[in-house]
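Chemist: Here it is, the structure in full.
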Amino acid sequence: MRRHLLLSFAFLLLLVTSSAGAETSQEEAFGAMREQLERQPLLRADFRQERNLQILQRPLKSSGRMVLREGDGILWRVEEPHAITYLIRSGEILEWEAGDRPQRTAMAAVPAFRLMTEMFLAALAGDPTALQEGFRAEPLPADQGWRLRLSPKSEDLAGLIADLEVAGDRYVEEVHLREVKGDAVTFYFSNFKTEPAELDATEKAYFAH
């Protein structure tokens with residue numbers, strides 16, 4: 001679970017396109033996303049996740065709620081099929097499954113995951129700049145809003161991710177990630193809320209760790 005969260009909560013690494021023509025093309029490709037995304041310091045949403053593993057015939061499904069706090073990470077509260085909570089930051093993941101003490105995992109040993117996580121958090125908050133730095137984009141047809149197919153620029157990410165599709169309107173609504181080894185994960189986000197604009201007592205307790 002944690003590995004797939006990191007892979008899908010994420011996008012980033014170095015490199016910029018070398019020619020002016022390529023830069024212009026990429027700016028145009030990201031243009032609709034940049035124009036329509038709304039930047040929010042605090043965003044809540046429901047999520048559904050489907051993981052397709054080659055060793056299994058049926059996808060693994062989960063659902064719950066997330067709270068994104070810009071600059072402080074994302075609180076990922078899985079409610080189905082069983083309760084488990086993650087606090088995902090650029091440098092670590094905290095996990096609560098039973099009891100009050102979280103299991104803490106540092107991402108210092110996996111810098112690509114850390115950078116991808118930073119990128120994903122920025123995109124969810126409404127800032128696609130990091131995505132543009134780390135991926136090449138191809139516009140795809142969309143009934144409304146925008147949809148992009150992204151391919152990683154760096155060899156490090158290309159060794160993990162075959163491609164990504166990201167779609168939405170005012171907010172990121174879908175993330176489809178296909179790994180090089182053939183597994184895939186999809187996230188659907190809905191029921192976005194920006195109010196109340198402050199964390200409640202339970203959310204504050206998690207973010208305080």
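Chemist: Please work out if Glu35 is at pLDDT 80 or above, open to solvent by 40 Å² or more (accessible area, probe 1.4 Å) and in a helix (DSSP H, G or I).
Modeler: On the way: at pLDDT 80 or above: yes; open to solvent by 40 Å² or more (accessible area, probe 1.4 Å): yes; in a helix (DSSP H, G or I): yes.
When the stated conditions are applied, Glu35 passes them.
Chemist: Another question about this same structure. Specify the residue that is nearest to Leu42 (Cα to Cα); the eligible residues are those in segment 160-192 that are in contact with a Pro (Cβ under 9 Å, 6 or more places away or on another chain) and not aliphatic (A, V, I, L, M).
Modeler: Among them, the one singled out is Thr186.
Chemist: Give, as residue ranges, the strands (runs of 3 or more DSSP E) completely inside segment 57-99 that count at least 2 residues that are of a type in the set (Gly, Ala, Ser), open to solvent by less than 50 Å² (accessible area, probe 1.4 Å) and without any contact (Cβ under 8 Å) to a residue 60 or more places away in the chain.
Modeler: Numbers: elements: 60-69, 73-80, 84-88, 92-96.
Because the criterion is at least 2 residues that are of a type in the set (Gly, Ala, Ser), open to solvent by less than 50 Å² (accessible area, probe 1.4 Å) and without any contact (Cβ under 8 Å) to a residue 60 or more places away in the chain, the strands (runs of 3 or more DSSP E) in segment 57-99 that meet it are 60-69.
Chemist: Hey, another quick one. With Thr117, Thr105 as the choices, which residue is more than 20 Å from Ala32 (Cα to Cα), at pLDDT 80 or above and not aliphatic (A, V, I, L, M)?
Modeler: So the residue among Thr117, Thr105 that is more than 20 Å from Ala32 (Cα to Cα), at pLDDT 80 or above and not aliphatic (A, V, I, L, M) is Thr105.
Residues are listed down the side, and each one gets a yes or a no for (1) at pLDDT 90 or above; (2) in a helix (DSSP H, G or I); (3) crowded, with 17+ Cβ neighbours inside 10 Å:
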position	(1), (2), (3)
Leu131	no, yes, yes
Asp143	no, no, no
Leu150	no, no, yes
Asp156	no, yes, no
Gly182	no, no, no
Ala197	yes, no, no
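The values are calculated or read from the model by the stated rules, or taken from the named source; none is laboratory data. Owing to the predicted nature of the structure, the values given are computational and were not obtained by experimental measurement. Every residue, glycine among them, receives a Cβ derived from its backbone with ideal geometry; neighbour counts consider all protein chains shown. Areas reflect the complete protein model, heavy atoms only, side chains present, ligands, DNA and RNA absent. Shrake-Rupley method; radii C 1.70, N 1.55, O 1.52, S 1.80 Å.
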